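First comes the structure, then the notes that go with it.
The values are calculated or read from the model by the stated rules, or taken from the named source; none is laboratory data. This is a predicted model, so every value here is computed, not measured. Neighbour counts are summed over all protein chains in view; Cβ atoms, including those assigned to glycine, are modelled from backbone coordinates with ideal geometry. Heads up: the accessible areas ignore ligands, DNA and RNA and are worked out on the full protein's heavy atoms, side chains in. Shrake-Rupley method; radii C 1.70, N 1.55, O 1.52, S 1.80 Å.
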Amino acid sequence: MGEERIVEIKTEELLKIAEEFKNKGYTYFSFMTAVDEKEKFSLCYRLSSLENKNSITIKVKIPRDNPVIDSLTSLWAGANWQEREVYDLFGIIFEGHPDLRRILLPEYWEGHPLRKDYQDERITKRPDFY
Amino acid sequence: MDIELPNNIILTKLEPFFRWALSHSIYMFPFGTACCGMELIAVNAARYDLMRFGVIPRSTPRQADLMTVAGTITEKMAPLVKRLYEQMATPKYVIAIGSCAISGGPYHYDTYSVVKGVDKIIQVDVYIPGCPPRPEAIIHGFMELQEKVRKGK
Ligand code: SF4
């Protein structure tokens with residue numbers, strides 16, 4: 001509740017800052033996701049505090065040509081599948097993840113479809129009606 | 001023949017009789033993957049009661065005559081649909097319920113993961129359009145299938 005709080009941090013600090021927030025009472029890992037911003041990917045982590053009934057968002061920007069970031073599975077086991085999903089759809093590598101495989105798409109899939117530059121000949125383009 | 005038969009005896013050929021019997025005891029393998037699957041459940045429930053048409057759900061393809069594909073089929077699901085279809089004994093029929101199973105429906109354009117129609121992988125006998133089709137439409141589809149079974153494929 002209250003105003004929306006977003007913390008923007010650097011890539012290297014993620015593990016440290018996430019741990020600090022965890023010790024401050026933000027013990028609940030709500031979700032994480034990624035956004036393709038053309039030259040960078042931004043990752044959003046949503047942490048909630050069940051005692052204080054509030055949440056924060058941690059934002060990290062990582063470069064497109066080297067999409068590697070620390071995994072948060074050491075802090076929250078629930079981050080496991082969320083990070084696998086982001087890996088599956090965006091191709092972001094989580095270092096320290098115990099089992100980084102595709103989770104939604106079949107194993108044989110090539111490419112990461114939620115990237116803006118993803119190409120696939122099976123996609124039918126929507127005709128321009130308007 | 002000029003023998004007078006009592007009127008509780010009907011003469012017919014074996015083949016049409018078999019088809020007539022099958023058309024009124026279709027064992028259905030209900031394969032529902034998305035919202036249309038819910039509609040298929042509604043058709044089977046008390047209000048619409050598909051069982052009065054002789055359609056009995058079986059939860060294994062090996063005992064089924066009919067497979068109903070109700071819902072979105074993704075690329076990952078496609079091999080499983082094909083395998084389940086191949087496990088059914090002949091004669092076997094397929095009904096595609098909803099736009100997704102017919103053509104990919106709302107996911108036809110700009111999607112990477114949806115099969116654009118289940119007839120790309122298995123052959124389909126009756127198509128029931130709608131997103132989702134009303135239970136009445138689904139019942140109509142089943143009656144069309146019964147007609148098709150009676151006439152022979
Ligand atoms: S056709 Fe419509 S209702 Fe049916 S599964 Fe597809 S999206 Fe859902």
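Quick check on this structure: which one of B:Ala45, B:Ala34 is under 20 Å from B:Cys131 (Cα atoms), more than 16 Å from the ligand (Cβ to nearest atom) and open to solvent by less than 100 Å² (accessible area, probe 1.4 Å)?
On inspection, the qualifying residue turns out to be B:Ala45.
Within 14 Å of chain B (Cβ to nearest Cβ), free of Cβ contacts under 8 Å to residues at least 40 places away in the same chain and farther than 19 Å from A:Thr33 by Cβ: does that describe A:Arg126?
So A:Arg126 fits the description; yes.
Do we have any residue at all in the range A:42-51 that's open to solvent by 40 Å² or more (accessible area, probe 1.4 Å), in a strand (DSSP E or B) and touching a Pro at 6+ places or on another chain (Cβ under 9 Å)?
Residues of the range A:42-51 that are open to solvent by 40 Å² or more (accessible area, probe 1.4 Å), as a first pass: A:46, A:50-51.
Then drop every residue that is not in a strand (DSSP E or B), which leaves A:46.
In the following step, the residues that additionally are touching a Pro at 6+ places or on another chain (Cβ under 9 Å) were identified as none.
Looking through the range A:42-51, none of the residues is open to solvent by 40 Å² or more (accessible area, probe 1.4 Å), in a strand (DSSP E or B) and touching a Pro at 6+ places or on another chain (Cβ under 9 Å).
All but one of (1) open to solvent by less than 20 Å² (accessible area, probe 1.4 Å); (2) in contact with a helix residue (DSSP H, G or I) (Cβ under 7 Å, 6 or more places away or on another chain); (3) more than 20 Å from A:Pro113 (Cβ to Cβ) hold for A:Thr73, so report the exception by its number.
So A:Thr73 meets the others, but not (1).
Only one of B:Leu5, B:Leu50, B:Leu11 is at negative phi and either open to solvent by less than 40 Å² (accessible area, probe 1.4 Å) or within 16 Å of the ligand (Cβ to nearest atom) (or both); which? Step through it out loud before you land on a result.
Working: B:Leu5 fails: either open to solvent by less than 40 Å² (accessible area, probe 1.4 Å) or within 16 Å of the ligand (Cβ to nearest atom) (or both); B:Leu11 fails: either open to solvent by less than 40 Å² (accessible area, probe 1.4 Å) or within 16 Å of the ligand (Cβ to nearest atom) (or both).
Every option except B:Leu50 fails the conditions.
I'm trying to understand the selection: among the residues of the range B:89-110, which are without any contact (Cβ under 8 Å) to a residue 60 or more places away in the chain, more than 14 Å from chain A (Cβ to nearest Cβ) and near the ligand (Cβ under 7 Å from one of its atoms)? I'd like the intermediate steps shown before the answer.
Going through the range B:89-110, the residues without any contact (Cβ under 8 Å) to a residue 60 or more places away in the chain turn out to be B:89-90, B:92, B:94-96, B:99, B:102-110.
Restricting the remaining residues to those that are more than 14 Å from chain A (Cβ to nearest Cβ) gives B:89-90, B:92, B:94-96, B:99, B:102.
Matches in the range B:89-110: B:Ser99 only.
If you take the residues of the range A:92-114 that are open to solvent by less than 50 Å² (accessible area, probe 1.4 Å) and within 14 Å of another protein chain (Cβ to nearest Cβ), which of them is nearest to A:Ser30 (Cα to Cα)?
Within the range A:92-114, the match that is nearest to A:Ser30 (Cα to Cα) is A:Ile103.
Could you please find all residues in the range B:111-153 being more than 11 Å from the ligand (Cβ to nearest atom) and within 14 Å of chain A (Cβ to nearest Cβ)?
Those that are more than 11 Å from the ligand (Cβ to nearest atom) and within 14 Å of chain A (Cβ to nearest Cβ): B:Thr111, B:Tyr112, B:Ser113, B:Val115, B:Lys116, B:Gly117, B:Lys120, B:Ile121.
Against the condition assigned to a strand (DSSP E or B) and not β-branched (Val, Ile, Thr), how does B:Met67 come out, does it pass?
Yes, satisfied.
Does the range B:50-63 include one or more residues that are within 18 Å of B:Pro133 (Cα to Cα) and in contact with a Pro (Cβ under 8 Å, 6 or more places away or on another chain)?
no
Going by the conditions given, is B:Phe17 in contact (Cβ under 8 Å) with a residue 40 or more places away in the chain and farther than 19 Å from B:Val124 by Cα?
No.
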